[in-house]
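**Student:** The structure's right below; bear with me while I get my questions together.
The values are calculated or read from the model by the stated rules, or taken from the named source; none is laboratory data. As the structure is a prediction and not an experimental result, all values here were calculated from the model. When we count neighbours, we look across all protein chains shown, and the Cβ atoms used for this are built from the backbone with ideal geometry, even at glycine. Side chains are part of the model used for accessible areas, which takes the heavy atoms of the whole protein and leaves out ligands, DNA and RNA. Shrake-Rupley method; radii C 1.70, N 1.55, O 1.52, S 1.80 Å.
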Amino acid sequence: MTKAAALLIAAAVFVSGTDEIHAMEGLNAFSQDEDVSSEERVAPKEAESGDDSEPGGLGMVVDEDFEPGRTSGLLDGDAEPGGYRSVPGENDIESTTIPSEDGPEHLGTEALPAKYITAELPNLRNQFYSTCWAHASLALAEISLMKKGVSESDLSELHTVWFSYHSVTDPLGGTEGDSNGVPSGTDVMNVGGNPIFTQNVLAGWTGAADEETLRSSDAQAVRNKSLVPSDDQAYLDAAHLTGFYEVNLHEDPEGAKRLIRDKGAIAVSYYSASNSSPELESGTFNSATGAYYDKSPHGGRQNHAVVIVGWDDDFSVDFFNSQNRPKGNGAWLVRNSWTTGLSAGWKDNLSYAGYFWMSYENASLAAAARAFDVEMSDDYAHNYQYDGAMYRKGWNPCSDGRSELGAANVYEAKACDNGEFLEAVAFQTTSSNLEYVISVYTDLTDPANPESGRKITESTATGTTVYPGYHTVTLPVPVPIGAGQKFAVVVTLKKSGESPTICREQDWSGWATIRAEAKAGQSFYYDDGWKDVAALNDSAGNVVIKAFTNDIPENAVFVPEALDFEEGLAGTGLTIGPGEKKALRIRFTPRYVSDPTVTWHSSDEEVAYVDGQGVLHGLSNGQARITATSNAVPEVSGSFVVTVERRAKWIVDPVKEKIGRAHV
């Protein structure tokens, strides 16, 4: 194939005549800050489908065999042009609306504008082979970063493509036994994919990597195996996915719009008849206005993933081809991945290959939509996780319809010899509108019981969710975890009148081969007591609960500012009997201090005293003030009053079989 033959045909057709030019200028003048009614807009004349203007290329050509934006050398089982592949249940997304007396009501109360376009957008990326799914996913990531003020990033789609199907056990070993791949002999570049899988891969910190890690220009070399990425590159990440949020575009367009406004974009899929000029010939695309409408549902199939970066409720039906117009106004502003273009704005890249307007009524537009939250990778150093398989399902093991679900993961701290601060927790669910409680337990005494340790009360996090998806929650107070220490993260989910779900990784075989494995002592669920997920012995793996930590710096000194007693004894005091013992626990502020030792003092050691292990001993009737003083900072101390007295107890006289009270 010659280079000329490899060039893609331009989707933008040059039109002549002042009417068309003026109409285009008027359309391009629309911006998110303007409010232009449909009556003020002038519908342009349609481009001639047979226009023989010189085509403009949609992508770079690396060599005669490499065709960005197109499928090349398809094998059996490969994706269609574009690269989107369906996943079972992907459109089964729980509604975010709540019932009311006046009908369904969305949790968002503020009115949405009739038109909105995300202001700052990254450069357009020209996809290589059938990788629209990776390009759509990383477009979400790059737009999320820009939405948060990060200057334009360039993340590696090739890294995402390769390591989505060449999984590597995570650095802490939690995902050992899980795997993601493709059937033997499958071309990874053309097998296709789905952002549902990509979001789970990115949540495990397999990327998002910087473009320099694996460049798109190396795609052909990777495909023909002259360049093989190293496993050491799998967890080289420039950005971390901290959340993804799912919405049913058909049933909840308002929720989808809120995600676009708040997160910058949503990823969607539809059926594209081709990725070049046949869109003009079929009458679905008007190049003069960038308007696209296809009334065919194409058998309910989708083959291409894109992102939506805006909407216009008043986008006129007159902007679509006269022989193929929707019934009503309104369109989504779509960002495609079949050309390159500067981030100067969507108006400068209006074409089917770049940005175009898709009618709300486009028949093949799928229901599933999702948005990302992404941060730079310096937020946390370590990701404790067990869910390495990229296919997940919502799960609730309790069959009695209860509205509360408890799940937990138990981990052993192993990332830093100096210890770590547990700072955030993430969980995944297919339920909307949840209440959650996240609790942390340390020093577990029973590894089969996540609640058998010491609950770090001040680090308990509570809140609510709106969208189904993956949620990262920052703990109110970081929890210090010593090297080798067992700790548990317990997530309790509640939903009014319904049974909530938490996600579990799943086996799946189709165009991808996915294996999930749960080992004993990793994941648990509560059903009249804590039960080990591994004992279910089914085709699923662990629950999706992750814990994020940062290292405690070497030689760092954390001094106490105050101390108290965990039982609140400073305010209430304590009463014990002669001969009784009570273990005392100190709570420092801040929670973690380098030297937690104290010196104990009793105002009357004939009444009570505290031994070297922090155990209070009652000796004789009376009162004494017990004081703990920090050895690191003697000015920091706390005290309480202990009363020692004989206490009445109910006992049974075995001879008279009567219950009576005696002083002991």
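Yes/no per residue for (1) open to solvent by 40 Å² or more (accessible area, probe 1.4 Å); (2) out of contact with any Pro (no Cβ under 9 Å at 6 or more places or on another chain); (3) modelled with pLDDT of 65 or more:
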site	(1), (2), (3)
Asp51	yes, yes, no
Gly59	no, no, no
Phe66	no, yes, no
Glu90	no, yes, yes
His106	no, yes, no
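**Student:** With respect to Lys295, is the statement that it is in contact with a helix residue (DSSP H, G or I) (Cβ under 8 Å, 6 or more places away or on another chain) and either touching a residue at least 24 places away in the same chain (Cβ under 8 Å) or crowded, with 21+ Cβ neighbours inside 10 Å (or both) true?
**Tutor:** no
**Student:** To continue, here is another question. Could you please give the count of residues in segment 487-502 that are surrounded by fewer than 21 Cβ atoms within 10 Å (Cβ to Cβ) and in a strand (DSSP E or B)?
**Tutor:** 2
**Student:** Moving to a separate point now. For residues that are open to solvent by 60 Å² or more (accessible area, probe 1.4 Å) and either in a loop (DSSP other than H, G, I, E, B) or at pLDDT below 95 (or both), tally how many sit in segment 228-251.
**Tutor:** 4
A quick yes/no check of all residues on (1) surrounded by 17 or more Cβ atoms within 10 Å (Cβ to Cβ); (2) out of contact with any helix residue (DSSP H, G or I) (no Cβ under 9 Å at 6 or more places or on another chain); (3) of a type outside the set (Val, Ile, Thr):
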| residue | (1), (2), (3) |
| --- | --- |
| Arg325 | yes, no, yes |
| Val334 | yes, yes, no |
| Gly341 | yes, no, yes |
| Trp357 | yes, no, yes |
| Leu365 | yes, yes, yes |
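**Student:** Let me ask another. Return the residues of segment 178-226 that are in a loop (DSSP other than H, G, I, E, B), hydrophobic (A, V, I, L, M, F, W, C) and in contact (Cβ under 8 Å) with a residue 40 or more places away in the chain; say none if nothing qualifies.
**Tutor:** Hits for segment 178-226 are Val182, Met189, Val191, Trp205, Ala208, Ala209, Leu214.
**Student:** So is Lys225 in contact with a Leu (Cβ under 9 Å, 6 or more places away or on another chain) and open to solvent by 10 Å² or more (accessible area, probe 1.4 Å) or not?
**Tutor:** No; evaluated as a whole, the condition is false for this residue.
**Student:** Under 6 Å by Cβ, and 6 or more places apart or on different chains, what pairs join a residue from segment 436-449 that is assigned to a strand (DSSP E or B) with one that is open to solvent by 20 Å² or more (accessible area, probe 1.4 Å) and among the β-branched types (Val, Ile, Thr)?
**Tutor:** Val437/Thr462; Val437/Thr492; Ser439/Thr460
This table checks each residue for (1) of a type in the set (A, V, I, L, M); (2) at pLDDT 85 or above; (3) out of contact with any Pro (no Cβ under 9 Å at 6 or more places or on another chain).
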site	(1), (2), (3)
Leu616	yes, yes, yes
Gly622	no, yes, yes
Arg625	no, yes, yes
Gly638	no, yes, yes
Thr643	no, yes, yes
Arg647	no, no, yes
Pro654	no, no, yes
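**Student:** Can you name the residue in segment 606-622 that is surrounded by 15 or more Cβ atoms within 10 Å (Cβ to Cβ) and not in a strand (DSSP E or B) and, of all such residues, is nearest to the chain's Cα centre (by Cα)?
**Tutor:** The extreme case among them is Gly614.
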